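A.B. asks: Got a structure here, written out as structure tokens. Questions coming.
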Amino acid sequence: MLPKVFVTRQRFLMFGLSLVLSHLAGCSSAPSVANSDPAKAKEIATTILDSWKNGESMESLKQKTPPMFAVIDLWKDGCKLNSYEIVGDGEMVGPNVRFQVRFNCQDKAGKKVDKTIKYLVTTTPAITFIKEDG
């Protein structure tokens, strides 16, 4: 049988560990993120896609005021954007706005690339444009 002091100390440590783990797991009250504005999100998507179409680099978006952050694989891979269409007015997904975008591009080898991809746009606290998983 274990000494009573050891058992009490062990329970205390387990209790402390459970508090730390529950905090790390998100059981604490964290500040909520404001929802993005759908109209502003569409303007941001248009600005980002127009920048690509006009031959700017993805890195140049960070120099805009306010800075914008985008991850677009076709752009990163060197495709030239000929045209695009943002389908609809967007759909709220958590604090983000989801847009479906139809691309008409040309890859580095000159091959025509037509794709439709869903993106999530965030207007607050930072401006982001990223591909939706799935």
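The values are calculated or read from the model by the stated rules, or taken from the named source; none is laboratory data. Bear in mind the structure is a predicted one, so any value in this text is a computation, not a measurement. No Cβ is skipped: glycine too gets one built from the backbone with ideal geometry, and neighbour counts run over all protein chains shown.
A.B. asks: What single numbered condition from (1) at pLDDT below 95; (2) in contact with a helix residue (DSSP H, G or I) (Cβ under 6 Å, 6 or more places away or on another chain) fails to hold for T124?
C.D. replies: That leaves (2) as the condition not met.
A.B. asks: What are the residues in region 78-131 that are more than 17 Å from the chain's Cα centre (by Cα), in a loop (DSSP other than H, G, I, E, B) and of a type in the set (A, V, I, L, M, F, W, C), if any?
C.D. replies: Correct list: C79, A109.
A.B. asks: Cβ-Cβ distance below 8 Å, separation of 6 or more or different chains: which pairs start in region 63-89 with a residue that is on the phi < 0 side of the Ramachandran plot and in contact (Cβ under 8 Å) with a residue 12 or more places away in the chain and end on one that is loosely packed, with under 12 Cβ neighbours inside 10 Å and assigned to a strand (DSSP E or B)?
C.D. replies: What qualifies is V87/T116.
A.B. asks: In region 92-106, which residues are within 21 Å of D133 (Cβ to Cβ) and either hydrophobic (A, V, I, L, M, F, W, C) or surrounded by 13 or more Cβ atoms within 10 Å (Cβ to Cβ) (or both)?
C.D. replies: M92, V93, P95, N96, V97, R98, F99, Q100, V101, R102, F103
A.B. asks: Give me the pairs: first residue in region 39-54 and free of Cβ contacts under 8 Å to residues at least 24 places away in the same chain and in the same structural domain as Y119 (by TED's automatic domain parsing), second residue hydrophobic (A, V, I, L, M, F, W, C) and assigned to a helix (DSSP H, G or I), beta-carbon distance under 7 Å, and six or more apart or on different chains, which are they?
C.D. replies: Sorted first by the residue in region 39-54, then by its partner, the pairs are S51/L61.
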